[in-house]
Amino acid sequence: MTERRSALTEHEREAEAFVLTLAQALHEHGASAHRLEGMLTLVARKLGVDARFFSTPTAVMVAFGAPSDQRTALMRVQPGGVSIEKLSLLQRTAVEVTRGNLDIEAGRARVREIVEARPRWGALLSVLAFGLSGVAMTTFLGGGPRDLAAGLLVGVAVGLTTVLSARWSTGASIVEPLAGVVAAVTAGLLSYAAGGLSTGVITLAGVIVVLPGLGITTAMTELATRNLASGTARLAGAVIQLLGVAVGVAVGTRVMSVLPAFPPPSPTAWSSLVLAAAVLVAAGSFTILLQARPRDFGWIALGAAVAFVGGNLGTHLFGPELGAFFGALVLGLAGNLFANVFDRPSVIVLVPGLIVLVPGSLGFRGLVSMLEADVVRGVDTAFHTMLVALALGAGIILAGILLPPRRAL
């Protein structure tokens, strides 16, 4: 093995080091298994490196060399949230290195700079983004005018909880149940003070950003693309996150049951103009929460609008499951078209749209129903969630077949 290592040329050593650095950076900033493995395979091929990749939500393994003489590198990584800006910069760096416009060592240094850079949006703006998301989601879920202000406050409370939990050493394991408790208690207090609000709506609107709907959809897509280990592990993690939020909401709701209950108001049918404004508000919150550049706001808004219109139109024409498939198909085509025309990552359009199409709220409602001893309704809703998630994954995959993203490398 030592002889094989010493036989490597300087170019091969630099190329392998770049591939490993890029693999860890992509994983830490939200790249799914099939996209990460596909991109790294292209990078290695362009640099003349014989490499094979295996990605899971908590590790990346890279095997260099022919199967009879392989050297394997294992990188243990913590799954991170999606950072659209850093994913875009990492792809651009990989393109420049593989095209010879940037020296390999310089490219590796740039990758490290991208990873070590401070987030564009700080904690205060992130908390505000949670509040804006609460307003937008309250509108989408049919909350009334008074519910919008409550949705803002619940979202801010959940945002503060999330930001503060991230500073604790064990924050990653408690943020979901703690956010559920905070959302339910805050919603209950606001409803009592206001004399009756759509408590369930504003609670769900407040926690919807921490629900793993995107993780469920990504897991289903990975399973459909035969990344079975990564897809299974990611799905299991998403279910645990869902359970954590549901338990937290159940605890918070039980605590608030000591207060007098008011009948909730009827759902509000908002006009198209108000819904369009809510899409823009949601896009603004996603720009901050997904750590995107301000100039990408328009594309994020486009992705959210395409998903919202496509999902609602599909649901009206074909029902919920096929509606989710239709919405994901239209969104996937829009994302791939964006990638082909502008030579930029499709996730800029795709990820915000998938959050709008999120099936996590359905799974959350199912778990809450089971915690309330309504097992039949809970199982039915959870099964429906899996169907919606499968439909979303199938729509994204079919979009990639009908309009394949151009290989930038």
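Points worth noting:
- With contacts taken as Cα pairs under 8 Å at a separation of at least 6 residues, the chain carries a relative contact order of 16 percent.
- Angle in degrees between helix 33-46 and the longest Cα principal axis of the chain, rounded to the nearest 10: 20 degrees
- Only Cα pairs under 8 Å and 6+ residues apart enter the sum, and on that basis the relative contact order of segment 53-194 stands at 13 percent.
- Computed over the Cα atoms of segment 2-116, pair by distinct pair, the Kirkwood hydrodynamic radius stands at 14.2 angstrom.
- Translational diffusion of segment 89-216, µm² s⁻¹ [Kirkwood Rh, Cα pairs; Stokes-Einstein; 37 °C; 0.692 mPa s]: 198 µm²/s
- Each of 248, 287, 238 was scored by the projection of its Cα onto the charge dipole of the chain, and the greatest displacement toward the positive side belongs to 287; charges sit on the C-beta of Lys, Arg, Asp and Glu.
- For the listed peptides 11-23, 266-278, 95-107, a ranking on the average number of other beta carbons within 10 Å per residue, highest first, reads 11-23, 95-107, 266-278.
- Between helix 84-98 and the chain there is an angle of about 10 degrees, using the helix long axis and the longest principal axis of the Cα atoms.
- Convex hull of segment 193-233 built on C-alpha atoms - directionally averaged projected area, nm²: 3.6 nm²
- Protection-proxy order for peptides 186-192, 282-288, 55-61, each taking the mean of Cβ atoms within 10 Å per residue, highest first: 282-288, 186-192, 55-61
- Fully extended contour minus Cα-Cα distance, from residue 192 to residue 113, at 0.36 nm per residue: 23.5 nm
- Two-site FRET efficiency, residue 75 against residue 41, from Cβ-Cβ distance with R₀ of 22 Å, rounded to 0.05: 0.85
- Residue 254 paired with residue 125, simple spin-label distance in nm, labels 7 Å along Cα-to-beta-carbon: 4.1 nm
- Cα centroid separation, segment 120-194 to segment 266-325: 19 Å.
- Based on alpha carbons, the Rg and Dmax found for segment 123-402 are 18.0, 57 Å.
Just so you know, all these numbers are worked out from the coordinates, no wet-lab data involved. Predicted model only: the values in this text are computed from it and were never measured. For neighbour counting, all protein chains shown are included, and Cβ atoms are generated from backbone atoms with ideal geometry for every residue, glycine included.
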